[in-house]
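Presented below is the structure to which this report refers.
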Amino acid sequence: MKNTALTDTHIELGAKMVPFAGYNMPVQYEGVTIEHETVREHLGVFDVSHMGEFLISGPNALTLIQKVSSNDASKLSIGKSQYSCLPNEDGGIVDDLIIYQIKEEQFLLVVNASNIEKDWNWISKYNEGIGAEMRNISDDYSLLAIQGPKAVEAMQSITPVDLSAIKFYNFEVGEFAGIPHVIISATGYTGSGGFEIYCKNSEVEQVWNKVLEAGKDFGIKPIGLAARDTLRLEMGYCLYGNDINDTTSPIEAGLGWITKFTKDFVNAEALKEQKENGVAKKLVGFEMIERGIPRNGYEIINNSDEIIGNVTSGTMAPSLGKGIGMGYVKTSYAKEGTTIYLQIRKKKVEAKIVKLPFYKNK
């Protein structure tokens, strides 16, 4: 089991620690609902240092990224980032990731913790004929997510960088919490605004302490992975391993918007055919009409008790006070407003297809 540089800090703060993607991670401190509401209303800080980071550099860096990723990385410029995925050769997804352009010929790829080795091997395979410089810096860097509507106001006191000027999916490299050369990125997985901070492991304790100090008057609290999951689900954001995996295509998953056929990439032809001819199943969001909490793996059925799909993510949404979920259904049932049913133990529980996101910012 790996630890992050802040593991002892989380234990001292009373976090409940659980194994996650090979790491010892804080799942909650005070409780999921309290932590969820803290991020929605005020400000929270997450340690997400288990995420993986690869540096791709040199004159062939963009060529490699364009080949292995679905989005068009040529649209990036220094200081901009992009959500993308790594398609496999069978119509599925190796991983989803964020790509940052750091310098003219240097990109940072941020990947899921559970897929670090798999992604590294996958990208390396395609790099054999391209020759970009690749460095896996996952074990050297930490990542904090400072999320919530008070993020700009609270954090401005610990950086000379104008935080209000960093637009969504843009970033600056600058001083933060007394540490130079920190990546301050206006990205996150909560839908409540804020920043993600990349720094070295040796620097993260100082950053963590100063972030909590600066946010004290704004109601900041440390937040665990359980609330991160309920927050992302309210936004309809995909979680790798649940909503997308090696067998789900980006077109089925509603990720056509990050799948650009203006370039050649792994399995582009098959995915283009899916986009043009349609798919048999689609990832949808649904909310419960009757009482019930959806869970991964539950069967989705129609009025005649025919199995039409399955739940991939589900929870009782703290911001909405109702059960919500995502899952794949036959395309004919994917229209907004369609009534579906979940098989919860021996009960048939009514739900309806809704447009994502579930949670709309006030």
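The values are calculated or read from the model by the stated rules, or taken from the named source; none is laboratory data. Values in this document were obtained by computation on a predicted structure and should not be read as measured data. Cβ coordinates were reconstructed from backbone atoms using ideal geometry, including for glycine residues, and neighbour counts include every protein chain displayed. Calculation scope for accessible area: heavy atoms of the full protein, side chains included, ligands and nucleic acids excluded. Shrake-Rupley method; radii C 1.70, N 1.55, O 1.52, S 1.80 Å.
Being charged (D, E, K, R) and touching a residue at least 24 places away in the same chain (Cβ under 8 Å) is the filter; apply it to segment 74-110 and report the residue that is nearest to S249 (Cα to Cα).
Filtering segment 74-110 for residues charged (D, E, K, R) gives 75, 80, 89-90, 95-96, 103-105.
If we keep only those that are touching a residue at least 24 places away in the same chain (Cβ under 8 Å) as well, we get 80, 89-90, 95-96, 103-105.
On the way: K80: 26, E89: 10, D90: 9, D95: 11, D96: 11, K103: 31, E104: 31, E105: 30 Å.
My answer is D90.
Going by the conditions given, is E273 open to solvent by 60 Å² or more (accessible area, probe 1.4 Å), free of Cβ contacts under 8 Å to residues at least 40 places away in the same chain, out of contact with any Gly (no Cβ under 7 Å at 6 or more places or on another chain) and not basic (K, R)? Give the steps one after another, and end with the answer.
On the way: open to solvent by 60 Å² or more (accessible area, probe 1.4 Å): yes; free of Cβ contacts under 8 Å to residues at least 40 places away in the same chain: yes; out of contact with any Gly (no Cβ under 7 Å at 6 or more places or on another chain): yes; not basic (K, R): yes.
Here the answer is yes, as E273 does meet what is asked.
Of everything in segment 232-261, what is buried (at least 18 other Cβ atoms within 10 Å of the Cβ), of a type in the set (F, W, Y) and assigned to a loop (DSSP other than H, G, I, E, B)? Give them in sequence order.
Across segment 232-261, the qualifying residue is only Y237.
Between a first residue in segment 292-312 that is closer than 13 Å to Y328 by Cα and a second residue that is of a type in the set (F, W, Y), which pairs have beta carbons less than 6 Å apart while being 6 or more apart in sequence or on different chains?
Partner pairs satisfying both residue conditions: I301/Y341; I308/Y333; G309/Y328; V311/Y298.
Where residues in segment 22-31 are open to solvent by less than 40 Å² (accessible area, probe 1.4 Å) and either at pLDDT below 95 or within 18 Å of the chain's Cα centre (by Cα) (or both), which of them is farthest from G191 (Cα to Cα)?
Going through the qualifying residues, I end up with Y23.
Could you please find all residues in segment 140-180 being on the phi < 0 side of the Ramachandran plot, touching a residue at least 24 places away in the same chain (Cβ under 8 Å), open to solvent by 30 Å² or more (accessible area, probe 1.4 Å) and assigned to a loop (DSSP other than H, G, I, E, B)?
Passing the criteria: D140, P149, K150.
When you scan segment 305-362, how many residues do you find that are assigned to a loop (DSSP other than H, G, I, E, B) and not polar (S, T, N, Q)?
As a first pass, look at segment 305-362 and keep what is assigned to a loop (DSSP other than H, G, I, E, B): 305-306, 318-321, 334-338, 345-346, 355-362.
Then keep just the ones that are not polar (S, T, N, Q); that gives 305-306, 318, 320-321, 334-337, 345-346, 355-360, 362.
The qualifying residues number 18.
Pull out all pairs, ordered by first then second residue, where Cβ-Cβ is under 9 Å, the residues are six or more apart or on different chains, the first lies in segment 335-352 and is at positive phi and among the polar types (S, T, N, Q), and the second is open to solvent by less than 40 Å² (accessible area, probe 1.4 Å) and modelled with pLDDT of 95 or more.
So the pair list comes out empty.
For residues in segment 39-84 being out of contact with any Phe, Trp or Tyr (no Cβ under 9 Å at 6 or more places or on another chain) and open to solvent by less than 10 Å² (accessible area, probe 1.4 Å), which is farthest from I102 (Cα to Cα)?
So the residue we want is G44.
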